[in-house]
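Let me begin by presenting the structure, written as structure tokens, before commenting on it.
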Amino acid sequence: MPGEVAAEVPAGIARRSTPGLSPSRANDFLRCPLLFRLRVIDRLPEPPSAAAARGTLVHAVLERLFDLPAGDRTRDAAVEMLPGAWQTLHTEQPAYLDLFDATEQWDAWFASARDLLDTYFRLEDPNRLQPSEREVFVRTQLEGGPQLRGIIDRVDVAPNGAVRVVDYKTGRSPRAGYESSALFQMRFYAYVLWRERGVLPTLLQLEYLGDGQIVRHEPSEPEMVTFESRVRSIWAGIEDSARSGDWRPRPSKLCDWCSFKAVCPAFGGVPPTVPDGAVEAAIGIAPTLGAAPVTA
């Protein structure tokens, strides 16, 4: 079945977990097939990003905040969690310690994390909430396709059974009319929950801590059917690239933020050679015999 790991994986290539698709990796492929390949198949390391580290730090604090009893979930309590959360983060990811050289840079970075927490408390009062789940891993097997999986920041369940899916974003909200990429992620979560639990979330809520905006969306069952078709189309594109070896880049303005420009042919670079068996090990799809990788 497409999306399953082949029974035999060539020597030297480690068998990975069940091939799957997350909203982030789906967006990677739509943005640039070569980006998808370098992250999923080659698994090239990427340098730590100050913005990404700050986002992970703030997410960790907001998750732990709800360990406190209602009434104690204050802004000051959240700020006091920052040092402990940072200690855990850089212990798990030592490369984060190399983000800055000067003390002033670290001070500004921590101040920006506190600012994001300030914005969170302006958006909602956590003392009035009792999340059903936090940082919940969800997955479902798409028949004839990959396993769909992801991690939801928060799931709230109202007394009447209504489900709200909440995701924190530490960047700024998209301009009006450009919400499709972010809502793709939320529809992805809604679809997986709908398939696995038989309950369609009533509300999808994105909280943008970068500018204090909230984007809300109410999904419908017909929308979920359309979304499944969209995911199948994306996976079909991944299958075609895997079989043909055509992972050519798709240049855009987002290239300025890409970690792989040095090996991208659109910028004069040369991607690494894909090891034999790496494609099957990563996504369970065998390249067509004799197909040469296409990256230009």
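The values are calculated or read from the model by the stated rules, or taken from the named source; none is laboratory data. From a predicted model like this one, the values you see are computed outputs, not experimental measurements. Neighbour counts are summed over all protein chains in view; Cβ atoms, including those assigned to glycine, are modelled from backbone coordinates with ideal geometry. Heavy atoms of the whole protein, side chains included, go into the accessibility calculation; ligands, DNA and RNA do not. Shrake-Rupley method; radii C 1.70, N 1.55, O 1.52, S 1.80 Å.
General remarks:
- Residue satisfying all of: in region 129-143; among the polar types (S, T, N, Q) and surrounded by 11 or more Cβ atoms within 10 Å (Cβ to Cβ); nearest to LEU209 (Cα to Cα) among these: SER132
- Evaluation of PRO146 against the conditions (1) open to solvent by less than 20 Å² (accessible area, probe 1.4 Å); (2) touching a Pro at 6+ places or on another chain (Cβ under 8 Å); (3) modelled with pLDDT of 95 or more; (4) not charged (D, E, K, R) shows that the sole unmet condition is (3).
- A single member of ALA108, ALA85, ALA95 is in a helix (DSSP H, G or I), open to solvent by 50 Å² or more (accessible area, probe 1.4 Å) and small (Gly, Ala, Ser), and it is ALA108.
- When region 89-109 is filtered for residues that are closer than 19 Å to PRO45 by Cβ, under 23 Å from the mean Cα position of the chain (by Cα) and in contact (Cβ under 8 Å) with a residue 40 or more places away in the chain, the ones remaining, listed by number, are GLN93, ALA95, TYR96, LEU99.
- Pairs where the first residue, in region 276-293, is farther than 14 Å from TRP247 by Cα and the second is among the small types (Gly, Ala, Ser) and at pLDDT below 90, C-beta under 6 Å, 6+ apart: GLU280/ALA6; GLU280/ALA286; GLY284/GLY3
- When the residues of region 193-246 are filtered to those that are part of a loop (DSSP other than H, G, I, E, B) and among the β-branched types (Val, Ile, Thr), the one that is modelled with the lowest pLDDT is VAL199.
- Every condition in (1) exposed (fewer than 14 other Cβ atoms within 10 Å of the Cβ); (2) aliphatic (A, V, I, L, M); (3) within 19 Å of ALA52 (Cβ to Cβ) holds for ALA102 except the one numbered (3).
- When region 259-269 is filtered for residues that are part of a loop (DSSP other than H, G, I, E, B) and either modelled with pLDDT of 95 or more or in contact with a His (Cβ under 6 Å, 6 or more places away or on another chain) (or both), the ones remaining, listed by number, are PHE260, CYS264, GLY268, GLY269.
- In region 46-66 there is no residue that is under 25 Å from ASP211 (Cβ atoms) and loosely packed, with under 12 Cβ neighbours inside 10 Å.
- Of the residues making up region 111-128, those that are under 29 Å from PRO159 (Cα atoms) and either open to solvent by less than 30 Å² (accessible area, probe 1.4 Å) or assigned to a helix (DSSP H, G or I) (or both) are LEU117, ASP118, THR119, TYR120, PHE121, ARG122, LEU123, GLU124, PRO126, ASN127, ARG128.
- Count of residues meeting criterion [surrounded by 16 or more Cβ atoms within 10 Å (Cβ to Cβ) and either in contact with a helix residue (DSSP H, G or I) (Cβ under 6 Å, 6 or more places away or on another chain) or over 20 Å from ALA296 (Cβ atoms) (or both)] in region 231-276: 11
- So ASP28, is it assigned to a helix (DSSP H, G or I), farther than 20 Å from ARG154 by Cα, among the acidic types (Asp, Glu) and touching a helix residue (DSSP H, G or I) at 6+ places or on another chain (Cβ under 9 Å): yes
- Each residue in region 212-229 was checked for being touching a residue at least 12 places away in the same chain (Cβ under 8 Å) and either out of contact with any helix residue (DSSP H, G or I) (no Cβ under 8 Å at 6 or more places or on another chain) or farther than 19 Å from GLY177 by Cα (or both), and 7 of them qualify.
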